[in-house]
Amino acid sequence: MRYSYYPGCTLKTKAKVYEDTTLQTAKALGLEMVEVEEWQCCGALYPLNTEEHFSLLAPVRALSQAKELNHEKMVTLCAGCFNVFKRTNKAMREDGELRRKINDYLEEDYLGEVDVVHYLEVLKKDIGFTAVAEKVKKKLEGRKIAPYYGCLLLKPRNEMDFDDVENPTIFEDFLSALGATAVEYPYKTECCGSYLSMANEEVAETAVGRILKSAYKSGAEAIMVACPLCKYNLEEYQKQLQDVAGENGKMSVLYFTELLAEALDV
Amino acid sequence: MKITTEKINSNLVRDVEEVSGQKVSACFQCGKCTGGCPVVWAMDIFPHQVLRYAQMGLIDELLHSKTLWICASCQTCDSRCPREVDIPKVIEALRLIIMREKGGNYLHPNDLPARVRENAPQQGLVSAFRKYAK
Amino acid sequence: MKRIGVFICWCGSNIAATVDIDKTIAAAKQMPGVVFADHNKYTCSELGQDMVKNAIKEHQLDRVVIGACSPRMHENTFRKTVEAAGLNPYYMEIANIREQCSWVHKDKETATGKAISLVRTAVAKAARNEALFSTEMPIERRALVIGGGIAGIQAALDIAETGFEVDLLEKEPSIGGRMAQLDKTFPTLDCSACILTPKMVDVAQHEKIRLITYSEVEKVEGYVGNFTVTIRNKARSVDMEKCTGCGDCMNKCPQKVSSEFEMGLAERRAIYTPFPQAVPNKPAIDRATCRWFTQEKCRVCEKICPTGAIDYDQVDEFITQRYGAIVVATGFDTHKLDKYGEYAYGKHPDVITSLEMERLFNASGPTGGKLLRPSNGKPPKNVAFIQCVGSRDKAKGNPYCAKICCMYTAKHAILLNEKVPGSKSFVFYIDVRTPGKDYEEFYNRAYEQHNATYIKGNVSKVFPDGDQLVVRSVDALSGALVELVVDMVVLATSVDARSDAKDLAQKLSITTNAHKFFNEAHPKLRPVETQTAGIFLAGVCQGPKDIPETVAQASAAAVKVASLLSKESLKSNPTIAEVDQKRCSGDMSCMAVCPYGAISEKIIEERRGRETVTRKIAEVNTALCQGCGACTVACRPGAINLKGFTNEQILAEVDAICL
Ligand SMILES: Cc1cc2nc3c(=O)[nH]c(=O)nc-3n(C[C@H](O)[C@H](O)[C@H](O)COP(=O)(O)OP(=O)(O)OC[C@H]3O[C@@H](n4cnc5c(N)ncnc54)[C@H](O)[C@@H]3O)c2cc1C
Ligand code: SF4
Ligand code: SF4
Ligand code: SF4
Ligand code: SF4
């Protein structure tokens, strides 16, 4: 199976391990990831107003590039990119006005032909978690992991169409395919504070604290994420764990691809 | 604070509706947005109050609220709103209006602690500058 | 040439404010065949009708056009008017210049132009109207009530009391419906079973009522006065004649199943009656779970039954019965919570729905009437109630207000405080809605005397925390955030139409609204009738309502049924299809599209030159045809016409519009 692949800025720098483990595991699973050419930053945020549509030019360009590659689907990893691309694509499919404005700046019209998917969706729908489970060489037996979804994969509810917003299960299903145990805790979809860790640190820190403590209390030894910003925030404010886990309390935060790589032994 | 006919009818309300693409009158003040907001405790005006203030034309009060800089755009609130109000879009509109009015940049690279500048992922830095600076 | 009279109605300002009446009349006077045109403030009033009658006589009018409201509203009124003046009622034609004109337009000039067009169309048609005559049809003096909740029970009893035979059809093994599941009822707090069970027994014992349980409607044919209904009597696997209702089988059956009646809070057996006071008090085998039917072993009940009533070989039976009238009373479902993951329903046992709460309060419920937490069997101290769950939510649930939950939540708060001394309830609301006699006072009692704290705030999320629940919301009135630690959370789930309501509507040829509640004929003036004559509505299947309203509507439906059945015969509708033998090619396209099976083949003999040949043509059964007109469009040679709406009339209308 061949896919267009959009890595995004973060995977090329701070989240290199996310990209490496993705490409290694994809290869092991027989997937071919063809990087989109000359891509630019997607903008990290989908504009929440009616006036900033031109910031969608960069993601639409990348989507057109993906279309050139002639693959049905473009795979993304970073939850921020996924959010921007999924919504941009939907808007390009459904909003005629926007389509016209943006296409004025493109050489060839883009009409939303490419499907934007997350790597996890490829694993779930194209390969199937059962098939993934069969390829597992080192089962992650006994590992208790807290799945942490964050916001961007799931919301807005009617645009992302990724999983149930309040009770998603795809992380859990993925973990059980690897032989690990997903712990149940009520904070798996509560926001980590997102970009507030840049400008309002105490706010982000409190938000993170709640998640870490809840995961810890439910017996997790690590947290699984799909977003570099979630990972940064959850790692940055580990001292919040002190209340419940003592002076040196720590909880590792792992990309789902790191766990996959470990299980596939690549 | 006083609500008057002039305020309720002011153009500012229409500006907010236009920039956000949201009808503030759709909100029936159930408070579900506020109850679930992960950072609400740091806000001075709560999400449901943002809508109420907007309905009542108290836009000036909103423009000077801390809330605009606290909202993480996590979209928890609008994914639960029974009236399909996209609250972060309303907040974003207010943020844009005040940034335009004051020409202000609310975040400067030098404001960031070195630790953040070095470790934070691009995704976070780009997001923050897009939210807080023009 | 016909002598046509045109009457334009003001309908107060409803029409006159938007349509220039004088201009319309002036234009009408120019239309072909029109010899008289005038206006009236309210044509449907006695004065207005008299004016029409007088004009008919004075100007020897032989056709009449009335420019007024929809024919839905007053077609019958005006048909009677012209009939009283000696004309055939079908000589009258209505131009709908209200619903289709003045109400939907703002600009007076365009509205007037459209009104004139509509009048011209009606004039063109009226000029071609023929006299039509109804025939008398006998009525089957027997009624069917579908659904044995309190609505169906009340309707059946009231109809039976007027002396007509009634069949009460219920899909479950027992009648009773939702009311049987309730504990006490607002606003008087009388015990639901105490007031319901006597009525259930009355039904069982009434000589005019035949109870048909564990059954569903398969097919409905015919029309008012003469419905033919096929009922599927599901195989009960218990011989109702032999069974004495001893219940031995239910005690010994080894197969336990979650009980629907107890909302999954207790178990029943595979052979079961839904609850102890069931009527009829005879069990049925649930074949989907019975060990004999699923694994071919067991047959314990057969061995136990002292009268040999168990019959594994029973098959579904079909009863075909004729009825003059039908009452639909199929009630409601409670809203599914799959889109409300934020409330942790299904994640924590102490988050329950209000209907589950009714069972926990109930003396014959799973806890014997002690209010205990499902998680640990201990009485709760603090309980949060969340109102409007799935209601007033256009994003994820029903956009409408479910009407009963404010009141039953106040009831729960009162009962909680009575059952568990020292307990406290927190009611989260958006608005509290208590219109109704003694309802507001009942709600006042909840917070004045029964330790209920009302909080204006929709709960955003419930976080399970160990064996407790954290409820997050806001108190919108004080502007303070709310974070309560409670022992139980009760969700006031919305009221939905039955999931199969659309199917049933299709079988009955009645309509539903966007939310699958059956439509009444008129929201104000005909609230228990449907658009299909002879079919009436009672209870929540028409829209959310409480028991007093349900009972009132059921009794109203019963009166409608009785007044229909008390007639000797009914006038048939003469606007039905008619086949032109000469044109009919016999390809029978009409038969394929007729939803009422009113068209059949007929062989006729014809002389062709010297020979006599036989040929197949279509024939309309005048008793079955409902005048829907589907056949007329299917017929390629144009051989089939709807009387009163002939091709010629319709084309004349089209020509008149295009003028
Ligand atoms: C939690 C809760 C508490 C309440 N408390 C109160 C209260 O205190 N006071 C009050 O006044 N009201 C109360 N109500 C409202 C009350 O339950 C309803 O008003 C009442 O039950 C409506 O009766 P019904 O006969 O219309 O519908 P139902 O009770 O639903 O009865 C319908 C019957 O039709 C049967 N049926 C359905 N479909 C078919 C079919 N296709 N063919 C044959 N049969 C069919 C069903 O099995 C059922 O027996 C409460 C409701 C709830 C949910
Ligand atoms: S959730 Fe929606 S309707 Fe409720 S207060 Fe917030 S914005 Fe208004
Ligand atoms: S989008 Fe903003 S206001 Fe809404 S829940 Fe998230 S942080 Fe709160
Ligand atoms: S045969 Fe079926 S109903 Fe009878 S006792 Fe066995 S499981 Fe129960
Ligand atoms: S009756 Fe009350 S609780 Fe029920 S939907 Fe209406 S307002 Fe909400």
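Each value in this text was obtained by applying a stated rule to the coordinates, not by laboratory testing. Just so we're clear, the structure is a prediction, and the values are computed from it rather than from any experiment. Every residue, glycine among them, receives a Cβ derived from its backbone with ideal geometry; neighbour counts consider all protein chains shown.
Translational diffusion of segment C:334-496 was estimated from the Stokes-Einstein equation, with Rh taken as the Kirkwood radius over Cα pairs; at 4 °C and 1.567 mPa s the coefficient is 82 µm²/s. Counting Cβ atoms of other protein chains within 10 Å of each residue's Cβ and taking the mean over peptide C:624-634 gives 0.
Ranked by the mean number of other Cβ atoms within 10 Å of their residues, highest first, the peptides C:643-652, C:264-273 come out as C:264-273, C:643-652. Semi-axis lengths, largest first, of the ellipsoid equivalent to segment C:341-431 are 24, 15, 12 Å, with √(5λ) applied to each eigenvalue of the Cα gyration tensor.
Name the residues of segment C:558-572 whose amide N is less than 11 Å from a point 7 angstrom out from the Cα of C:Glu83 along the C-beta direction? Within reach of a label on C:Glu83, which here means backbone N under 11 Å from a point 7 Å along Cα→Cβ, segment C:558-572 contributes C:571-572. Straight-line reach from C:Lys616: which lysines have Cα under 23 Å away, leaving out those fewer than 8 places along the same chain? Leaving aside lysines fewer than 8 places away in the same chain, those within reach of C:Lys616 are C:Lys582, C:Lys602, C:Lys643. Principal axis analysis of the Cα atoms in segment A:2-121 yields extents of 43, 28, 24 Å, listed in decreasing size. With the Kirkwood sum run over all distinct C-alpha pairs, chain A has a hydrodynamic radius of 19.1 Å. Using only Cα atoms and rounding to the nearest 10 degrees, what angle (0 to 90) does helix C:192-205 make with the longest principal axis of chain C? That works out to roughly 60 degrees.
Can you pick out the pairs among C:Lys403/C:Lys437; C:Lys381/C:Lys419; C:Lys57/C:Lys114 whose Cα atoms lie more than 19 Å from each other?
C:Lys57/C:Lys114
Rounded to the nearest 10 degrees, the angle from helix A:16-28 to the longest Cα principal axis of chain A is 80 degrees.
Restrict the search to segment C:104-186; then list the trypsin sites (Lys or Arg not before Pro) that DSSP places in a loop and that have at most 15 other Cβ atoms within 10 Å of their Cβ.
Those satisfying the criteria are C:Lys106.
Peptide A:144-157 has a mean shielding of 3, counted as Cβ atoms of other protein chains within 10 Å of each residue's Cβ. For the residue pairs A:Lys155/A:Lys231; C:Lys282/C:Lys502; C:Lys234/C:Lys297; C:Lys516/C:Lys571; A:Lys16/A:Lys250, the alpha carbons lie more than 24 Å apart in C:Lys282/C:Lys502; C:Lys516/C:Lys571.
Using the Cα gyration tensor of segment C:153-297, with a ≥ b ≥ c the square roots of its eigenvalues, what is the shape: rounded (a/c below 1.5), prolate (a/b larger than b/c) or oblate (neither)? Oblate is the answer for segment C:153-297, as a/c is 1.5 or above yet b/c matches or exceeds a/b. Only alpha carbons enter this Debye calculation for the protein assembly as shown, each as an equal point scatterer, and the log10 of I(q)/I(0) it gives at q = 0.07 Å⁻¹ is -0.88. Residues within the reach of a label modelled at C:Phe133 (point 7 angstrom out along Cα to beta-carbon, backbone nitrogen below 13 Å), restricted to segment C:64-93, are C:88-89. Debye calculation, C-alpha points only, no solvent: report log10 I(q)/I(0) for segment A:1-70 at q = 0.17, 0.18, 0.28 Å⁻¹, in the same order as the q values. Calculated log10 I(q)/I(0) at the listed q: -0.71, -0.78, -1.21. Using the Cβ-Cβ distance between C:Ser499 and C:Ser563 with R0 set to 56 Å, the FRET efficiency from 1/(1 + (r/R0)^6) comes to roughly 0.95. Ordering A:Arg61, B:Arg115, C:Arg445 by the number of other Cβ atoms within 10 Å of each residue's own Cβ, fewest first, gives B:Arg115, C:Arg445, A:Arg61. Along the charge dipole of chain C, which of C:Ala344, C:Thr162, C:Ala28 sits closest to the positive end, that is, farthest toward it, with unit charges on the beta carbon of Lys, Arg, Asp and Glu (+1, +1, -1, -1)? It is C:Ala28, whose Cα lies furthest towards the positive end. Calculate log10 I(q)/I(0) of segment C:259-306 for q = 0.26 Å⁻¹, where I(q) comes from the Debye formula with a single equal point scatterer on each Cα and nothing for solvent. Summing over Cα pairs of segment C:259-306 leads to -1.05. Cross-link pairs exceeding 26 Å in C-alpha to C-alpha distance, out of A:Lys124/A:Lys217; A:Lys90/B:Lys23; A:Lys217/B:Lys66, comprise A:Lys124/A:Lys217; A:Lys217/B:Lys66. Within segment C:153-196, the proportion of C-alpha pairs whose separation exceeds 14 Å stands at 59%. Largest mean-square fluctuation among A:Lys124, A:Lys231, A:Lys101, in a Gaussian network model of chain A whose springs join Cα atoms under 10 Å apart, belongs to A:Lys101.
Please work through chain B and write down the cysteines that have no neighbouring cysteine Cβ at a distance under 4.7 Å. Isolated Cys, chain B: B:Cys27, B:Cys30, B:Cys37, B:Cys71, B:Cys81. For A:Lys144, the aspartates and glutamates whose Cα falls under 16 Å of its own Cα, not counting residues fewer than eight places away in the same chain, are A:Glu172, A:Asp173, A:Glu184, A:Glu221, A:Glu258, A:Glu262. Kirkwood radius and radius of gyration were both taken over the C-alpha atoms of segment C:4-128, and their ratio Rg/Rh is 0.93.
For chain C, the relative contact order works out to 13 percent when only alpha carbon pairs closer than 8 Å and six or more residues apart are counted. Take each residue in A:13-20, count the other chain C-beta atoms within 10 Å of its C-beta, and the mean is 2. Taking every alpha-carbon pair in segment B:5-101 and binning the separations at 5 Å intervals from zero gives 2, 15, 29, 27, 19, 6, 1 percent.
Between A:His53, A:His71, A:His118, the GNM of chain A built on Cα springs shorter than 10 angstrom shows A:His53 fluctuating the most. For segment C:204-265, a Kirkwood hydrodynamic radius built from all Cα pairs, placed in the Stokes-Einstein relation at 25 °C and 0.890 mPa s, yields a translational diffusion coefficient of 159 µm²/s.
Sorted from fewest to most neighbouring beta carbons within 10 Å, what does the list C:Val459, A:Val208 look like?
Listing C:Val459, A:Val208 from fewest to most nearby Cβ atoms yields A:Val208, C:Val459.
Helix B:122-132 and the longest principal axis of the Cα set of chain B meet at an angle near 40°.
Direction-averaged projected area, Cα convex hull, segment A:123-266: 8.8 nm², rounded to one decimal. By the count of other C-beta atoms within 10 Å, a proxy for reagent exposure, A:Met224, A:Met160, C:Met240, C:Met73 are ordered fewest to most as C:Met240, C:Met73, A:Met160, A:Met224. Look at the dipole of chain A built from charges on Cβ: of A:Val225, A:Ala263, A:Cys9, the Cα furthest out on the positive end belongs to A:Ala263.
Only Cα pairs within less than 10 Å get springs; with that Gaussian network setup on chain A, which residue of A:Asp95, A:Asp115, A:Asp20 has the largest fluctuation? The residue that fluctuates most here is A:Asp95.
Using the beta-carbon distance between C:Arg287 and C:Lys256 and R0 = 22 Å, what value does 1/(1 + (r/R0)^6) give for FRET efficiency, to the nearest 0.05?
Efficiency at R0 = 22 Å is approximately 0.90.
Can you give the Rg to Rh ratio for chain C, taking only C-alpha atoms and Rh from Kirkwood? Taking Rg over the Kirkwood Rh, I get 1.06.
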